[in-house]
Amino acid sequence: MKFIVQWNGLPTAQPSAVERFMKTGGALPPDGVKMVGRWHSIGELSGCAIIESDNTAPMAAWVLQWGDIFAFRISPALSDEELGAALGAHQAAK
């Protein structure tokens, strides 16, 4: 399953975030989580990633590595095709 991961940090956390990112390369996800892509906002301490996982436990472990710097929001995500199929099933059930 795909998920949208969004993060935000306070400007005061920037030195710690930069130091940790440079030291860890952004802490790649653990086994069981595939990062499809990751993007960072310019001029803000925020960004988003698309990940794939069938297990939320490694996702939780991953974001907890950064939980002292960022607040996270993780939402299930659907492709256009998956959403279209769900909408079609919903319409057919009416």
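Please treat every number below as a calculation from the coordinates, not as lab data. Bear in mind the structure is a predicted one, so any value in this text is a computation, not a measurement. Ideal geometry is used to build each Cβ from the backbone, glycine not excepted, and the neighbour counts take in all protein chains shown.
Can you tell me the FRET efficiency between ALA85 and LYS2 if r is taken as the Cβ-Cβ distance and R0 is 22 Å, rounded to the nearest 0.05?
FRET efficiency, ALA85 to LYS2: 0.95.
How long is the gain from LEU78 to ASP54 if the chain were fully straight, where each residue apart is worth 0.36 nm and the alpha carbon distance is subtracted?
The LEU78-ASP54 span can extend by a further 7.2 nm.
Scaled against 2.2 N^0.38 Å for its residue count N, the alpha carbon radius of gyration of the chain is 1.29. Taking θ as phi - 60° and the Karplus parameters 6.51, -1.76 and 1.60, the scalar couplings of segment 40-49 work out to 10, 6, 7, x, 9, 9, 8, x, 8, 9 Hz in sequence order, x denoting glycine and proline.
Annotation: amide H of GLY47 within the under-5 Å range of TRP7, SER41, sequence separation 5 or more or interchain, hydrogens built in the peptide plane.
Taking the Cα centre of the chain as reference, the dipole from Cβ charges on Lys and Arg (+1) and Asp and Glu (-1) amounts to some 120 debye. Across segment 2-92, C-alpha contacts under 8 Å between residues 6 or more apart give a mean separation that, scaled by the residue count, equals a relative contact order of 42 percent. Listed by chain and number, the lysines placed with their C-alpha closer than 17 angstrom to that of LYS2 are LYS34; residues fewer than eight positions away on the same chain are left out.
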